[in-house]
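Structure, as structure tokens:
The values are calculated or read from the model by the stated rules, or taken from the named source; none is laboratory data. Model, not experiment: these values are computed from the prediction. Here the Cβ is made from the backbone with ideal geometry for all residues, glycine too, and neighbour counts use every protein chain on show. When the accessible area is computed, the model is the full protein with side chains, heavy atoms only, and any ligands, DNA or RNA have been set aside. Shrake-Rupley method; radii C 1.70, N 1.55, O 1.52, S 1.80 Å.
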Amino acid sequence: MMKIGIVGGGTSGLLSALALEKMGHDVTVIEKNKVGGLCRSEYIDGYTVDIGVHAITMLNDGPLIRLLKKYAKYIPNFRPYGDYYVRLDKLYSIPISMQEWTSTSIIPNRDKVLVISKMIDLMTSGFSKDTSVYDVIKDMNLSKVSIDFFNTICYFLSGEDMKKTPLWRLFTGAGYIPEDDILPFIYYEDLKINPLKTVLFKKIRGEKIKKILKDGFLYSIKNESKKYLSKFIKRPKYWTQGYPLGGVQSICNSILYSLDRTEIIEGEKVVEISQYREDEKNPGYIIYTQDNSYYCDVVIYSAPSKFLPDITDIPEIQEREDKLRSIKFTKSLTVWIGYDENPLPYLGSEIWIDHPCWATCVTNYDKSLAPPGKHLLGFSFVNTKKKESLSIIENKLNIDIDKAHMIHFQECVPEQASCVVGQYFVYPKIRDDFYVVGTDADPRSMGITRAAYSVEVMLSEFERSLLKK
Ligand SMILES: Cc1cc2nc3c(=O)[nH]c(=O)nc-3n(C[C@H](O)[C@H](O)[C@H](O)COP(=O)(O)OP(=O)(O)OC[C@H]3O[C@@H](n4cnc5c(N)ncnc54)[C@H](O)[C@@H]3O)c2cc1C
């Protein structure tokens, strides 16, 4: 049995605690605010308000459900998410498959033909890891509505505009390229350090990983083009998204309820992590907060990795100092409104492309999130100020904000690393007894699912290191 100290109690910290406790270890979670992190809901004037507007991805076969099935006492109930729309003069479904692209009225006919042939061309000839969406679009002479459309999709997939969004993110987000296929390229820098010693090596197989490391991204895209094209032609099986009844707090609650022995410390910020023995094989760590110190054999760090070089001087972190510090994250503004009428009366959500915003009515999934007869509307904006956001909502939905029963603002960083060109994602294993989890430790999917992916990689590496002992 190991003594494990987990820094940060968000989705990734709590999922790590759950799995490691069930594997028989003695776990302590140290959280500077409240456990749950961004996977929490707050009670505001009778409304249950999530931190940010959420749709949970990959519910059929993704890492969150795999981990909960294996370790939790129950799995929250999810309602199927519905569809995604763009609001222009009316609502239009977002095109995914080639056929939907052919028939969409969001963009002009000339642009549709150009976009479809460009996608086929890119899938068959390949593109580099650092190709941005803008690199491809800039010479196509597309209309403003098409450019605004792609720009907004980029904001929601990567946290940044099309100049900073890698093309692979658009293709994985649409489901044309499976998330796993992208993994070796993104961890490339860390894999180069020692590719043979990672769980990825086992997953991708020897010959293939050697080719990938030699020829890079282009090789793989070309090689798999048939598979990608068929996903573009048929609608990819991608719509396995849902919203948890009771709000995102329900996911956090299912993990907390399933923990039997884990000690949870809230309201203590970790300020330093140091080794306390000289023994290289068994160093042991002290995790210091402002008030206390905690001894452990293994550290799982789930707070933003960007700040790791400030709090620990272990060489493996200091070697990565520049990369870690350069990790970029994006801020978002969410506005929650409690209202009598429901201007978004359908399952799913919509995006606005002139002022990038993602809007949904969560009481369509669960009426209990609002007082009887009221509706709870959520709007997540990028690059928008509070006051401006309210007038955009009023104009777009033709509602009177003065009649709102509740208005609540949240300014958050949705993921610990935005998915931009050149972004560094740290590989979860730092040492046999020091790991990093969270949305900056895996590039796949989004938010909660991404956090869960990083926990799966950490657990495989941790189990492998135990076998070595
Ligand atoms: C507007 C918005 C929209 C979103 N939409 C979606 C969505 O549609 N789908 C989806 O899946 N996800 C979505 N998310 C993101 C998702 O909620 C998060 O990515 C996920 O919960 C992150 O989990 P995490 O454990 O990696 O990080 P966090 O939840 O950020 O947890 C890290 C924890 O570490 C703590 N911490 C930090 N520093 C220290 C320290 N020094 N000492 C101790 N504790 C520390 C923090 O307080 C925090 O609780 C959205 C988020 C926002 C804000």
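Applying 1/(1 + (r/R0)^6) with R0 = 35 Å to the Cβ-Cβ distance of Lys469 and Asp260 gives a FRET efficiency near 0.90.
Computed about the Cα centre, the dipole magnitude for the chain is approximately 1660 debye when only Lys and Arg (+1) and Asp and Glu (-1) carry charge, each at its Cβ. With the helix formula -39500 (n - 2.57) applied to DSSP H stretches of n ≥ 4, the chain reaches a computed 222 nm mean residue ellipticity of -10500 deg cm²/dmol. The mean sequence distance of close C-alpha pairs (under 8 Å, at least 6 residues apart), as a share of the length of the stretch 332-412, puts its relative contact order at 46 percent. Fully extending the segment from Asn109 to Glu411, taken as 0.36 nm per residue of separation minus the present Cα-Cα distance, adds 104.9 nm. Taking a sphere under 11 Å around the Cβ of Met98 and counting the other residues whose Cβ falls inside, with K and R at +1 and D and E at -1, yields a net charge of +3.
For the stretch 55-186, a simple Cβ point-charge model (Lys and Arg +1, Asp and Glu -1, everything else neutral) yields a dipole of about 440 debye relative to the Cα centre. The solvent-accessible area of Lys70, taken with every protein chain present and a 1.4 Å probe, is close to 140 Å².
Please give the FRET efficiency for Lys73 paired with Ile286, using the beta carbon to beta carbon distance and R0 = 25 Å, rounded to the nearest 0.05. Efficiency, rounded to the nearest 0.05: 0.15.
Per residue, the average separation of C-alpha pairs within less than 8 Å and at least 6 apart gives the chain a relative contact order of 25 percent. Cα centroids of the stretch 367-407 and the stretch 262-320: 41 Å apart.
Rounded to the nearest 0.05, the FRET efficiency derived from the C-beta distance between Met98 and Glu394 at R0 = 56 Å is 0.90. Charged side chains reduced to their Cβ positions (Lys and Arg at +1, Asp and Glu at -1) give the stretch 338-447 a dipole of some 60 debye around its Cα centre. Taking the charge dipole of the stretch 332-412 about its Cα centre, with +1 at Lys and Arg Cβ atoms and -1 at Asp and Glu Cβ atoms, the residue from Ala359, Pro345, His408 reaching farthest to the positive side is His408.
For the stretch 1-94, DSSP calls about 60 percent of its internal beta bridges antiparallel.
In the chain, what percent of the accessible surface is made up of carbon and sulfur (1.4 Å probe, ligands and nucleic acids excluded)? Of the solvent-accessible surface of the chain, carbon and sulfur hold 51 percent. Accessible area per residue was computed with a 1.4 Å probe on protein heavy atoms; Glu341 scores about 110 Å². The protection proxy used here, the mean number of other Cβ atoms lying within 10 Å of each residue, ranks peptides 449-457, 158-166 as follows, highest first: 449-457, 158-166.
Residues in the chain average 43 Å² of solvent-accessible surface per residue, probe 1.4 Å, ligands and nucleic acids excluded. With a simple spin-label model that places each label point 7 Å from the Cα along the Cα-to-Cβ direction, the separation between Asp354 and Lys163 comes to 2.3 nm. Beta-bridge orientation, the chain: approximately 70 percent antiparallel, per DSSP, counting only bridges with both partners inside. One decimal place: the segment Tyr276-Glu341 gains 17.4 nm when fully extended, by the rule 0.36 nm per residue minus the C-alpha distance. Strictly over 30 Å apart at the Cα level, which of Lys164/Lys386; Lys129/Lys429; Lys226/Lys396 would you flag in this model? As for pairs spanning more than 30 Å Cα to Cα, those are Lys226/Lys396.
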